[in-house]
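Okay, so here's the structure we're looking at.
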Amino acid sequence: MKGSWIQRWFGRGWLSLGYCFLYLPIVVLVVFSFNESRQDMVWSGFSLRWYSELVKDSEILSGFGLSLRIAVLTACSSVLLGTFVAFVLDRYRRFPGRTLFSGMASAPLVMPEVIIGLSLLLMLVSVQKVFGFPERGLTTIWIGHTLLGMAYAAVVVQSRLQEMSKSLEEAAMDLGCKPFQVFFLVTLPNIKQALASAWLLTFTLSLDDVVLSAFLSGPGSSTMPLVIFSRARLGLDPRVNAVATITILVVSIGVIVSSIYLARAERLRQKQIAAAFKGDAD
Amino acid sequence: MLKFLTDLLTLRWLTGRRFVIAVPFVWLVFAFLIPFLIVARISFSEVDAGNPFGTLLTYADGIVNIKVKIANYLFIWGDELYVLTYLSSLKYAAITTLCCLVIGYPFAYFMARARASLRPVLLMMVMMPFWTSFLLRIYAWKGILANHGIANHVLMALGVIQEPLHLMNTPFSLVIGMVYAYLPFMILPLYANLSKMDMRFLEAAADLGATPMQAFWRITVPLSKSGIIAGAMLVFIPAVGEYVIPELLGGPETLMIGRVLWDEFFTNNDWPMASSVTVVVILLILVPMAILNKYQAEQREGGHK
């Protein structure tokens with residue numbers, strides 16, 4: 001069905017405006033990170049001075065180190081647990097407590113973070129009172145981020161599992177594979193891309209989180225977003241623009257490179273499948 | 001129950017399937033469910049310098065005493081500021097949801113009706129901002145809306161206004177930030193729904209003489225109901241408890257419950273009070289949560305019909 005001329009142009013206009021809205025802040029951050037002026041939003045000439053000031057900013061740098069460590073840990077644990085969750089939700093239709101399970105698995109996606117942060121902290125404090133650990137810091141932040149990251153990872157992995165044809169697994173089973181062999185030899189290669197994008201997503205999620213980190217961090221464990229947030233509350237800080245530009249750059253390179261890589265892997269896989277079927281026919 | 005226990009003790013339960021279910025289940029119970037129960041329990045206890053949890057159960061002379069303190073809840077109910085804050089959180093969440101729907105529905109609609117080859121790109125472009133820091137994107141709005149910010153510069157250069165408008169720290173800047181942050185959560189479920197729609201219904205409507213407008217209102221919109229509700233809930237629920245956006249973009253008059261909770265916890269150090277505020281927020285979003293679950297399930301099944 002083709003819409004009329006007016007409808008088409010209205011559609012294009014609406015989409016363009018929408019994308020402008022979504023990308024405006026990102027463009028602003030990047031452009032003004034090269035601004036000379038201390039007074040933020042007046043353009044006074046190109047300069048890299050905020051980048052050089054950033055390198056000297058030990059608070060942000062040490063926060064970044066901590067954030068990076070937490071993000072790597074979070075991404076790994078979230079993908080692992082998220083894959084379990086996705087697998088359970090997609091394959092095990094019936095077991096006692098399924099409703100509770102799926103509710104708990106998806107609730108962190110919408111539950112306001114202040115609530116998750118507060119409740120998790122109160123529990124960790126009670127655990128600490130009894131067992132003497134975990135001390136508030138890297139471990140507790142990691143636990144909180146994993147709770148959130150797992151829910152996102154589960155969504156990504158589950159959507160891939162749903163698309164995946166079950167006949168491959170059934171064939172492997174018929175050929176005598178044990179369930180765990182089926183998983184490692186058939187299922188895992190099939191959901192590889194989803195795992196990779198879930199890893200990247202939870203990594204950036206953790207690198208960015210403010211609220212959970214604020215509740216779960218202890219003295220001396222300020223992650224980078226916490227440092228940025230406390231400055232942003234006070235006003236505008238051009239060094240923050242520089243941080244933003246660097247993270248935007250790194251993340252977009254990461255996303256582009258990985259999507260090219262994943263697209264190539266996918267094409268290769270399709271080709272192999274096609275070749276295998278062809279071989280069969282001969 | 002008894003069988004369950006004996007199985008548990010003899011490790012007979014440890015099949016591969018059980019293991020796969022048990023690992024995330026146990027983790028979720030400990031990291032998600034138990035924390036809420038602890039919050040609920042603390043919300044009934046008193047502030048006590050030595051013991052932030054208060055004592056709920058005491059045992060003396062062979063008598064178990066249960067002390068439940070509902071003063072926190074009575075205080076919330078009786079205090080005008082708390083009630084106003086809850087109402088205003090609901091109000092801003094509702095405004096945000098409505099704006100997201102008005103902007104997001106046509107957006108998702110045109111995306112779903114775009115050329116098939118273009119659709120993955122359009123979808124990717126909606127997802128891309130997710131990869132950039134949420135905090136930094138919200139922070140950027142401060143620079144755009146400030147008195148000497150970009151919006152005012154542009155408007156003055158265009159001659160629309162003579163004096164800079166006061167945009168920052170107003171309900172306006174709060175709503176802009178919230179709509180901006182939550183718009184993708186509206187677009188994505190709507191797109192999923194609209195792109196699955198069976199176009200034959202529209203053809204049938206056209207054959208039966210419906211104008212495109214009539215077909216849209218009487219077929220497309222009702223068919224996308226589950227998408228609309230899922231999207232609206234995905235925006236509304238987290239918006240009620242939002243903290244970062246009101247803190248960075250909201251003003252003193254924009255009361256949001258997330259901020260009150262935060263202050264109660266970090267500034268006043270009143271853990272029982274913060275817990276009670278939390279419990280009330282959870283009660284407020286339970287109904288939307290149930291609606292969301294229902295329509296998300298519908299949305300998933302809807303695709304295979």
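The values are calculated or read from the model by the stated rules, or taken from the named source; none is laboratory data. Here the structure is a predicted model, which means the values were calculated and not measured. Glycine gets a Cβ as well: all are built from the backbone with ideal geometry, and neighbour counts include every protein chain shown. Accessible surface areas use protein heavy atoms only, side chains included; no ligands, DNA or RNA. Shrake-Rupley method; radii C 1.70, N 1.55, O 1.52, S 1.80 Å.
Arranged from highest to lowest average of other beta-carbon atoms within 10 Å per residue, in what order do the peptides B:133-140, A:205-212 appear?
So the order, starting with the most tightly packed, is A:205-212, B:133-140.
What average number of partner chain Cβ atoms lie no more than 10 Å from the Cβ of the residues making up A:13-21?
Per-residue shielding by partner chains comes out at 5.
Calculate the FRET efficiency for B:M199 and B:M127 from the Cβ-Cβ distance with a Förster distance of 35 Å, rounded to the nearest 0.05.
With R0 = 35 Å, the Cβ-Cβ based efficiency is 0.90.
For chain B, list the DSSP H helices whose alpha carbon atoms reach 24 Å or more along the long axis and whose average Kyte-Doolittle value is 0.5 or above?
B:80-112, B:171-195, B:271-302
How would you rank B:206-212, B:254-260, highest first, on the average number of other Cβ atoms within 10 Å across their residues?
Ranking the peptides B:206-212, B:254-260 by packing returns B:254-260, B:206-212.
Can you list the residues in the range A:103-119 whose accessible area drops by at least 50 Å² when all protein chains are present, compared with the chain alone? Use a 1.4 Å probe, heavy atoms only.
Those residues are A:M104, A:V110, A:M111, A:P112, A:V114, A:I115, A:L118, A:S119.
What accessible area, summed over both chains, is buried at the A-B interface (1.4 Å probe, Å², nearest 100)?
Using a 1.4 Å probe on protein heavy atoms, the buried area is about 7500 Å².
Which distance in nm do the two modelled labels at A:E59 and A:W9 give, with both placed 7 Å along the Cα-to-Cβ direction?
5.3 nm
Taking accessible area as the heavy-atom solvent-accessible surface of the protein chains with a 1.4 Å probe, which residues of the range A:238-282 lose no less than 50 Å² upon going from the isolated chain to the full protein assembly?
Correct list: A:V255.
Please work out the C-alpha center-to-center distance from the range A:115-147 to the range B:98-141 and express it in whole Å.
Each part's Cα centre sits 35 Å from the other's.
Calculate the mean, over all residues of peptide B:15-22, of how many other protein chain Cβ atoms lie within 10 angstrom of the residue's Cβ.
Counting other chains' Cβ atoms within 10 Å and averaging over B:15-22 gives 4.
Taking only protein heavy atoms into account and a 1.4 Å probe, give the accessible area per residue of the protein assembly as shown in Å².
50 Å²
According to a simple spin-label model (label point 7 Å from Cα along Cα-to-Cβ), what is the distance in nm between A:S16 and A:Q272?
Inter-label distance under the simple model: 4.4 nm.
Rounded, prolate or oblate for the protein assembly as shown? Axes are the square roots of the Cα gyration tensor eigenvalues, ordered a ≥ b ≥ c, and the cut-off for rounded is a/c under 1.5.
Cα axes put the protein assembly as shown in the rounded bin.
With a ≥ b ≥ c the root eigenvalues of the C-alpha gyration tensor of chain A, is it rounded (a/c under 1.5), prolate (a/b larger than b/c) or oblate?
It is oblate, given that a/c is not under 1.5 and a/b is not larger than b/c.
What average number of partner chain Cβ atoms lie no more than 10 Å from the Cβ of the residues making up B:108-117?
Per residue, the average neighbour count from other chains is 3.
What FRET efficiency, computed as 1/(1 + (r/R0)^6) with R0 = 45 Å and r the Cβ-Cβ distance, is obtained for B:T267 and B:A116, rounded to the nearest 0.05?
0.25
Determine the share of chain B's accessible area contributed by carbon and sulfur atoms, expressed in whole percent, with a 1.4 angstrom probe.
After summing per-atom areas, the C and S share lands at 70 percent.
State the Cα centre-to-centre distance between the range B:197-219 and the range B:168-191 in whole Å.
Taking the Cα centre of the range B:168-191 as reference, the centre of the range B:197-219 is 31 Å away.
Can you pull the percent of the range A:63-169's accessible area that's carbon plus sulfur, 1.4 Å probe, other chains left in place?
Answer for the range A:63-169 is 66 percent, counting heavy atoms of protein chains only.
Go through A:T247, B:A140, A:L268 and say which Cα lies farthest out towards the positive end of the charge dipole of the protein assembly as shown; charges sit on Cβ, +1 for Lys and Arg, -1 for Asp and Glu.
Positive-end residue among those listed: A:L268.
Does chain B classify as rounded, prolate or oblate by the C-alpha gyration tensor (a ≥ b ≥ c root eigenvalues; a/c under 1.5 gives rounded; else a/b over b/c gives prolate, otherwise oblate)?
oblate
Pull out the extension gain between B:V29 and B:L155, defined as 0.36 nm times the separation in residues minus the alpha carbon to alpha carbon distance; nm, one decimal.
40.1 nm
Under a crude label model (7 Å from the Cα following the beta-carbon direction), how far is A:E163 from B:L208 in nanometres?
Between A:E163 and B:L208, the simple spin-label model gives 3.5 nm.
For B:W217, what accessible surface area do you get with a 1.4 Å probe? Give it in Å², rounded to 10.
That residue has around 150 Å² of solvent-accessible surface.
Can you find, among A:L80, A:G144, A:F64, the residue farthest towards the positive end of the dipole of chain A? Put +1 on the C-beta of Lys and Arg, -1 on that of Asp and Glu.
A:L80
Could you tell me the calculated FRET efficiency between B:A71 and A:T99, based on Cβ-Cβ distance and R0 = 30 angstrom, to the nearest 0.05?
For B:A71 and A:T99, the calculated efficiency is 0.30.
To the nearest Å, what is the center-to-center distance of the range B:248-305 and the range A:1-73, using C-alpha atoms only?
Spelled out, the Cα-based centre of one part sits 29 Å from the other.
Contour minus end-to-end for A:R49 and A:S258, with contour as 0.36 nm per residue of separation and end-to-end as the Cα-Cα distance?
72.1 nm
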